[in-house]
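Below: one structure, written as structure tokens.
The values are calculated or read from the model by the stated rules, or taken from the named source; none is laboratory data. Since we're looking at a predicted model, the values are computed, not measured. Backbone-built Cβ (ideal geometry, glycine too); neighbour counts: all protein chains shown. Heavy atoms of the whole protein, side chains included, go into the accessibility calculation; ligands, DNA and RNA do not. Shrake-Rupley method; radii C 1.70, N 1.55, O 1.52, S 1.80 Å.
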Amino acid sequence: MRAVTLDSVPATPAVSDVGTPHPEPGELLVKVAVSSINGFDAATAAGYLQGVMDHRFPLVVGKDFAGTVEALGEGVDGFEVGQAVFGVVMKPFLGTGALAEYVTVAAGYGVAPIPDGLSVREAGVLGLAGTAALDSLNAVAPADGETVLVSGATGGVGALAVQLAAARGARVIATARPGAEAGFVTGLTGTPVHLVDFTGDLPAQVRALAPEGVDAVLHLAGDGPELAGLLRPGGRLASTLGLTADSVPGGDVTVHTIMADPNPQTLAALAEQAASGALRVPITAAYPLERASEAFAAFGAGALGKLAVTCS
């Protein structure tokens with residue numbers, strides 16, 4: 001099969017031919033229609049996960065997937081061949097990812113049916129970013145009317161987090177440069193979003209909007225300790241970038257370090273919101289599998305929203 005692979009790290013992902021995987025007991029073989037690029041994939045290619053996770057070469061990259069069940073491993077219940085599914089590859093090693101024509105995934109974790117009303121293209125980019133956004137927002141649990149600062153609002157996780165926060169009645173402050181980035185973020189929701197330019201004096205801009213400090217911060221990009229300093233006493237911060245409480249000396253704030261947990265319930269909740277139109281999946285470009293290296297380059301250059309990769 002054709003797949004996006006790495007023969008070593010750090011390296012630039014390239015398309016090559018590898019063997020088609022076979023489902024082990026408890027696994028599904030999925031014919032992948034759509035995948036996407038995530039920060040995790042870029043970090044893998046850059047070699048940042050060496051020593052953190054086992055790497056098996058040639059390493060097929062990719063976390064997100066959407067497609068149809070091609071075959072069932074021994075003992076699998078609850079799925080059937082031909083069923084449309086999506087999710088996130090969650091294995092204890094790196095090597096059999098979803099930027100490929102086929103992928104094997106555990107049937108009990110990281111996969112859920114695609115409901116009516118949700119396109120395969122949207123489902124194929126939703127899993128990891130949606131889970132990270134929802135888990136981050138649940139961690140800081142904003143009440144109606146509280147102010148949430150989303151740092152990294154133009155990326156895939158941030159664009160979904162802005163919508164989820166606004167839907168809960170939060171007052172959203174989002175980072176975006178003037179121009180295309182600002183237009184992208186303000187177009188995400190039907191409610192006003194307050195913008196701050198992270199290339200300028202970010203603390204001053206945020207303090208002008210929230211003189212007493214913000215109630216919560218989603219740290220998806222930027223300087224974590226600086227962002228924590230913008231919280232009011234008792235404020236909460238959720239970081240997808242590994243920030244811990246030890247990195248935020250002093251201050252009466254709570255820090256949550258987020259590791260996205262794409263369990264079937266979370267995936268189903270995201271899919272339901274997206275299918276109903278309550279959550280817009282912000283795909284800004286799509287690439288065929290053979291041009292996946294271009295998608296990685298665009299991601300690295302700071303592309304807005306989510307980049308889809310069509311695999312079949």
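Of the listed residues Lys91, Lys306, the order by accessible area with a 1.4 Å probe, largest first, is Lys91, Lys306. Taking the stretch 207-228 and a reference point 7 angstrom along Cα→Cβ of Thr254, the backbone N atoms nearer than 12 Å belong to 216. The phi-based Karplus calculation (6.51 cos²θ - 1.76 cosθ + 1.60; θ = phi - 60°) puts the 3J(HN,Hα) values of the stretch 250-256 at x, x, 9, 9, 10, 10, 10 Hz, whole numbers, x for Gly and Pro. Report the relative contact order of the chain, percent, no decimals, based on alpha-carbon pairs under 8 angstrom and at least 6 residues apart. Computed value for the chain: 20 percent relative contact order. Expressed as a whole percent, the accessible area of the chain that falls on carbon and sulfur atoms is 54 (1.4 Å probe). The alpha carbon centroids of the stretch 214-230 and the stretch 17-55 are separated by 30 Å.
With a cut-off of 8 Å between alpha carbons and a minimum separation of six or more residues, what is the relative contact order of the stretch 156-312 in percent?
Details: 201 pairs, mean separation 27.7, N = 157.
Relative CO of the stretch 156-312 lands at 18 percent.
Output the DSSP H helices from the chain with an along-axis C-alpha extent of no less than 20 Å and a mean Kyte-Doolittle hydropathy no less than 0.0.
Working: long enough: 120-140 (30 Å, 0.91).
Long hydrophobic helices here: 120-140.
For the stretch 245-312, averaging the sequence separation of C-alpha pairs within contact (under 8 Å, six or more residues apart) and dividing by the residue count gives a relative contact order of 27 percent. Using a probe of 1.4 angstrom and keeping all protein chains present, the accessible surface of the stretch 103-192 works out to 31 square angstrom per residue.
The length gained on full extension between Glu74 and Leu49, counted as 0.36 nm times the residue separation minus their Cα-Cα distance, comes to 5.8 nm.
The stretch 249-312 and the stretch 110-142 have Cα centres spaced 8 Å apart. Only protein heavy atoms count here; on that basis, with a 1.4 Å probe, Glu27 has an accessible area of about 30 Å².
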